[in-house]
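Undergrad: First, the structure itself, so that you have it in front of you.
The values are calculated or read from the model by the stated rules, or taken from the named source; none is laboratory data. Predicted model, so just to flag it, every value in this text is computed and none were measured. All Cβ positions, glycine included, derive from the backbone under ideal geometry; neighbour counts span all protein chains shown.
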Amino acid sequence: MLFVTLRDDPSDAEIPSHKLLLRAGYIRRIGSGVYAYLPFMWRVLQKVSQIVREEMNATGAQECLLPQLQPAELWKESGRWDTYTKAEGIMFSLIDRREQQLGLGPTHEEVITTVARDMIRSYRQLPLHLYQIQTKFRDEIRPRFGLMRGREFIMKDGYSFHADEDSLKKTYQDMYQAYSNMLRRSGLAFRAVEADSGAIGGSGSTEFMVLADAGEDEVLYTEDGKYAANVEKAVSLPADAELSSFTSYEKRETPGTETIEKLCQVLNCSPTQVVKNVLYQTVYDSGLTVLVLVNIRGDQEVNEVKLQNELTKLAPQFSAKTVLSLSVPTTEAIGGWAAKSLPLGYIAPDIDDEYIAGSKDVSGKFVRLVDQTAVELKNFVTGANEAGFHVVGANWGEQFKLPEIVVDIRKARPGDHSVHDPSQTLQTARGIEVGHIFQLGTKYSQAMGANYTNEQGEEKPLVMGCYGVGVSRLAQSAVEQSYDKDGIIWPVAIAPYHAIISVPNINDGQQVEIAEKLYTELNKAGVETLLDDRNERAGVKFKDADLIGIPYRIVTGRAIANGKVEVVKRATRESQEIAIEEVVSTLQQWIRAAIAG
Ligand code: ATP
Ligand code: MG
């Protein structure tokens, strides 16, 4: 077999699981975000896939396989071609010899909705749930961490179709359970969290987070277990604002106070008395750039995911469907649209639209949004639209007009009080998103005309749900959660092999004979076993067995003189001598217990 391990950490790997999978010969990098799954890895991926498949089938979902090459027309029908090829730029696209545009599937809503449109006619066919396990392609901006964020990776994606929301909710609940089962069976510690549903809104989405410090996502949760959410979505109660000490409206000279911290030092006030004015720049898919001014309480931060969702709601007024990008404009970007020099750091809520040199591509007016936290303030401090100056004792409805659009776009933070029970404070954890279930509603069926006829004979759009598991990401996250200084410690359920027989000395005929006999018997009995009969020192073999993380190591060493072998558990390093004729039954029992647990 191909069995190549590396002594040293590969220089291009940052996190433990990535280093270990490379060192232990599970994966090999072929290009940026593109990996070869070598035989060990492929066995792990097949085990994960099988668990996923069993849990999906148990809910009544059916497996299929959809094309990876997808005609651009389908994506134009759903309105996602531009967003996926330009904005997020996540879809690989190409032109074939007939000059037809195609994309390599990053996800399959368009394809499945086309199938449903053609094949589902009546409510009698509903509900229906199809899934597949397949390679996906995404031209990620930052592919990294090995299989965690690849440009080619394996996903289970499922799509369900319903006559109504109630039916969708039932399947969504089934999926919640199925996903929990998959992760539990794969031996992972995880948390299901409320997630952002983007601009689609929908009635909800849940992400399944494997808890690990290397996770790219932040999760906020309460100790009582009643609340957990992705920070992108999380809500909380803001701390109370301090009563303002300014009683009359005045302009004050405040040089060098571009930050809230400096400002509060100079004015000797609390950030909760300040209305902070944050400038954003957004580009809609109509090509229009729009400048956005957000007023928010000085001690709070803007949650850009929530802000983007609000801006997406405004898209129709700019003849657009969606937001292509959102950012705090750089000095260079400001230069591109400013009609005159902006008082950055000293902007007031009423900054004049004259600062924008409007054009065909740039909207001439600021979109003004005020966060709930700023609405309630009295006698507040804010910018004076003049470098080096602020105003104090200001009030909405007096010096400043309250923006019409009031939003909740503040970022919830660890330590904030929880909405469901203010005695609980939000705690923080890092998570790896391995699964995401989503109530889509009728977004795709409406856009693509996928209807069915209901009991009353009326045409209705299909109600949809979608459910994804990152199979390859899940496999690596198991390593991220379970390793030690010597290597990987696979959960038994997804280990590439259950056991490895290490023959200390292959020149000892008796050792080899017993090893080969055990090897045959174990495999015959369903204990997936490797035989390390390489001509290497025993120490090298033990090190490699530890590195690749096989749960049980069987050593045909000195103990064979007493009719026994040494068996070492990888996770605990617990070692015991077991009579040769009891090895098969003992391991069967251990494996059964480990997989059930
Ligand atoms: P992320 O926020 O991490 O980019 P996503 O929200 O775009 O992921 P989904 O579209 O919800 O991902 O895809 C379903 C699942 O596929 C994710 O929960 C994740 O486990 C997995 N996944 C997504 N992108 C990648 C990737 N580049 N490499 C490996 N797995 C991925
Ligand atoms: Mg997701």
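Undergrad: Out of all the residues in segment 298-332, which are on the phi < 0 side of the Ramachandran plot, hydroxyl-bearing (Ser, Thr, Tyr) and more than 28 Å from the chain's Cα centre (by Cα)?
TA: Within segment 298-332, 331 is the sole residue that qualifies.
Undergrad: Which one is nearest to ligand 1 (Cβ to nearest atom), of the residues in segment 395-432 that are in a strand (DSSP E or B) and of a type in the set (D, E, K, R)?
TA: 430
Undergrad: Do you know which residues across segment 434-464 are more than 20 Å from residue 229 (Cα to Cα), within 16 Å of ligand 1 (Cβ to nearest atom) and not hydroxyl-bearing (Ser, Thr, Tyr)?
TA: Scanning segment 434-464 gives 443, 464.
Undergrad: Still on this structure: Do you know which residues across segment 238-274 are outside any helix (DSSP H, G or I) and in contact with an Asp or Glu (Cβ under 9 Å, 6 or more places away or on another chain)?
TA: Hits for segment 238-274 are 238, 239, 241, 249, 251, 269, 270, 274.
Undergrad: Can you find even one residue in segment 199-222 that is part of a loop (DSSP other than H, G, I, E, B), assigned by TED's automatic domain parsing to the domain that holds residue 159, crowded, with 18+ Cβ neighbours inside 10 Å and more than 16 Å from ligand 1 (Cβ to nearest atom)?
TA: Yes, segment 199-222 contains at least one residue that is part of a loop (DSSP other than H, G, I, E, B), assigned by TED's automatic domain parsing to the domain that holds residue 159, crowded, with 18+ Cβ neighbours inside 10 Å and more than 16 Å from ligand 1 (Cβ to nearest atom).
Undergrad: If only one of 145, 137 is at pLDDT 95 or above, aromatic (Phe, Trp, Tyr) and in contact with a helix residue (DSSP H, G or I) (Cβ under 9 Å, 6 or more places away or on another chain), which one is it?
TA: Exactly one of 145, 137 is at pLDDT 95 or above, aromatic (Phe, Trp, Tyr) and in contact with a helix residue (DSSP H, G or I) (Cβ under 9 Å, 6 or more places away or on another chain), namely 145.
Undergrad: Inspect all residues belonging to segment 433-447 and state whether any of them is within 16 Å of ligand 2 (Cβ to nearest atom), assigned by TED's automatic domain parsing to the domain that holds residue 116, among the charged types (D, E, K, R) and assigned to a strand (DSSP E or B).
TA: Yes, segment 433-447 has at least one match.
Undergrad: List the strands (runs of 3 or more DSSP E) inside segment 59-139, counting only whole elements, that have at least 3 residues being without any contact (Cβ under 8 Å) to a residue 24 or more places away in the chain.
TA: Passing ranges, in order: 93-95.
Undergrad: While we're on this one: Take residue 147 and decide whether it is surrounded by 19 or more Cβ atoms within 10 Å (Cβ to Cβ), away from ligand 1 (no atom under 16 Å from the Cβ) and in a helix (DSSP H, G or I).
TA: No.
Undergrad: How about segment 32-58: which of its residues are touching a residue at least 40 places away in the same chain (Cβ under 8 Å) and either outside any helix (DSSP H, G or I) or charged (D, E, K, R) (or both)?
TA: Within segment 32-58, 32, 33, 34, 35, 37, 43, 47, 53, 55 meet the criteria.
Undergrad: Going by what's in this entry, would residue 385 be described as touching a Ser or Thr at 6+ places or on another chain (Cβ under 6 Å) and more than 19 Å from residue 306 (Cα to Cα)?
TA: no
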